[in-house]
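Read the structure below first, then the notes.
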Amino acid sequence: MNRNIVTRELGKVGVTLTGWVPVFRCDSCGERWSPFHSVEETAAPTVRFDYWQCPKGCNRAALPSDALRIISPRFVEVRGIPGVLFGNDDLPEFERYVRSMDVTQVPDAMHGAGT
């Protein structure tokens, strides 16, 4: 699905998506959360069924569009940079974004971030 459409649909239920970061923000209370959870530390993060709902319940009464209910955000990591994708067309754009980052912004996977 087109990322702009997803961003607009999230806005209708009071959620802001900022860039590629896999973190949403509630427009009412400012709470931030990940639409993903990991069952096991070694498992890849999986999308929550109610990924668009604020953990504090601010938008619990909001009715998401069919498009928002059927889309399944996907967690990806490119060169150690996490991102959220909503369609296959997002991956090349996310990869360009990661390649465009200054080398000081990309953590060194061999030495860990900040070391």
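Quote to one decimal, in nm, the extra length available between TYR97 and ARG69 on full extension: 0.36 nm per residue of separation minus the C-alpha distance between them. Display every interim value, and only then the final one.
Numbers: separation 28, 0.36 × 28 = 10.08 nm, distance 2.69 nm.
Extra length available between TYR97 and ARG69 comes to 7.4 nm.
Just to confirm a number: summing +1 for Lys and Arg and -1 for Asp and Glu over residues other than GLU9 whose beta-carbon lies under 13 angstrom from that of GLU9, what do you get?
Details: positive: ARG3, ARG8, LYS12, ARG69; negative: ASP66.
Here the charged neighbours net out to +3.
Filter the chymotrypsin sites (Phe, Trp or Tyr not before Pro) in the range 1-72 to those in DSSP coil with at most 16 other Cβ atoms within 10 Å of their Cβ, and list the result.
Details: sites: TRP20, PHE24, TRP33, PHE36, PHE49, TYR51, TRP52; in loops: TRP20, PHE49, TYR51, TRP52.
Sparse-neighbourhood loop chymotrypsin sites (Phe, Trp or Tyr not before Pro): PHE49.
Near GLY19, once Lys and Arg are set to +1 and Asp and Glu to -1 for all other residues with Cβ below 12 Å from its Cβ, the sum equals 0. Between amide H atoms placed 1.01 Å from N, distances below 5 Å from VAL15 occur with ASP27, all of them 5 or more places distant or on a separate chain.
What full-extension length gain, to one decimal in nm, is calculated for ASP50 and ASN2 as 0.36 nm per residue of separation minus the Cα-Cα distance? Could the numbers behind the result be given before it?
On the way: separation 48, 0.36 × 48 = 17.28 nm, distance 1.98 nm.
Contour length minus the Cα-Cα distance gives 15.3 nm.
The residues neighbouring ASP89, those whose beta-carbon lies less than 15 Å from its own, together hold a net charge of 0 under the Lys/Arg +1, Asp/Glu -1 convention. Between HIS37 and THR16, the contour length at 0.36 nm per residue exceeds the alpha carbon distance by 5.7 nm.
Annotation: amide H-H contacts under 5 Å for PHE36 (H modelled 1.01 Å from N, sequence separation of 5 or more, or interchain): ARG48.
Taken together, the values in this text are just the output of simple stated rules run on the coordinates, not laboratory data. Just so we're clear, the structure is a prediction, and the values are computed from it rather than from any experiment. Every residue, glycine among them, receives a Cβ derived from its backbone with ideal geometry; neighbour counts consider all protein chains shown.
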